[in-house]
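To start, the structure under review is shown below, and the notes come after it.
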Amino acid sequence: MKLKIIGILILQFLLFSCSGTISTVKKEYKLSDSGELKSNWSINSNEWIRKNDTLIGNGGPSHWGVVMSKKQLPKNYEINFKVNMTKESLFEVMLNSDKENYIRTYLYQIDQNIVIGKGVYHKNSDEYGKRGGPTLFKKNLELQNNKWYTIKIKVQNNQLFFSVDNKTTLECSLEKSNLSQKGKLGFLTNGEVKIIDLSIKTL
């Protein structure tokens, strides 16, 4: 019996560690230490670091700070975390990033909106037109620096749900909006941002 339990545990570990996705059906992904950030994410340590239990991003208006997972998101997933924009105006979750295209789900203080849009990001260029992209859906939300917001993003059956503090919500069909249906996860900032309690699970 003990050998069977050990065998199951080893199999689950192998499925998780060898999986091409950032989470599995049997395990919820949580960022647990700085070593994991370096091994599972493509980062520039001048732009993103993990300090204690907090993921901290630094960028600027002319060069956005970006961190990207090395593994794909599952087909159906839920992402939860808390975020605090301590400087500047833009924090973005890059969903289903594939080559240079991704889905923009972001908080934008200048227009006081949460947004879903199409995104493009060229890793080695800060030229206008080679990062960001058009807005598809938006909803007004009062946003400010040095305040924590609870973020939930869910993709299920090609439907995207994006909510802030469980009260302001946007949703759309990936297929009808011609949005990327597979890819990696990233975070982007034009200032300083702090993220805690990050979890990613397969639905």
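The numbers here are math on the coordinates, done by the rules we state, and not lab data. Quick caveat, the model's predicted, so the values are computed rather than measured. Cβ: placed from backbone, ideal geometry, glycine included. Neighbour counts: every protein chain shown.
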With 10 Å bins from zero, work out the P(r) of the range 16-94 over every alpha carbon pair and list the percent per bin.
15, 49, 31, 6, 0
Please give every one of the aspartates and glutamates within straight-line cross-link reach of Lys27, meaning a C-alpha to C-alpha distance under 14 Å, and leave out same-chain neighbours fewer than 8 residues apart.
Glu78
Let's see if you can work this out: charge +1 on each Lys and Arg Cβ, -1 on each Asp and Glu Cβ, no other charges. What is the dipole magnitude of the chain about its Cα centre, in debye to the nearest 20?
700
Over 28 Å (Cα to Cα) - which of Lys138/Lys184; Lys99/Lys194; Lys130/Lys201 fall in this group:
Lys130/Lys201
Treating only the Cβ of Lys, Arg, Asp and Glu as charged (+1, +1, -1, -1), what charge dipole size does the range 89-139 show about its Cα centre? Round to the nearest 20 debye.
120
Tell me whether the range 75-203 comes out rounded, prolate or oblate; compute the Cα gyration tensor, take square roots of the eigenvalues as a ≥ b ≥ c, and use a/c under 1.5 as the rounded threshold.
rounded
Whole-Hz Karplus ³J(HN,Hα) for the range 102-116, in order, using 6.51 cos²θ - 1.76 cosθ + 1.60 and θ = phi - 60°, x for Gly and Pro?
7, 9, 8, 10, 8, 9, 10, 6, 4, 8, 6, 9, 9, 9, 10
List the residues, sorted by chain then number, that are 5 or more residues from Leu136 or on another chain and whose placed amide H is less than 5 Å from its amide H.
Ile116, Gly117, Lys118
Mind ordering 33-45, 151-163 by average Cβ neighbours within 10 Å, highest first?
151-163, 33-45
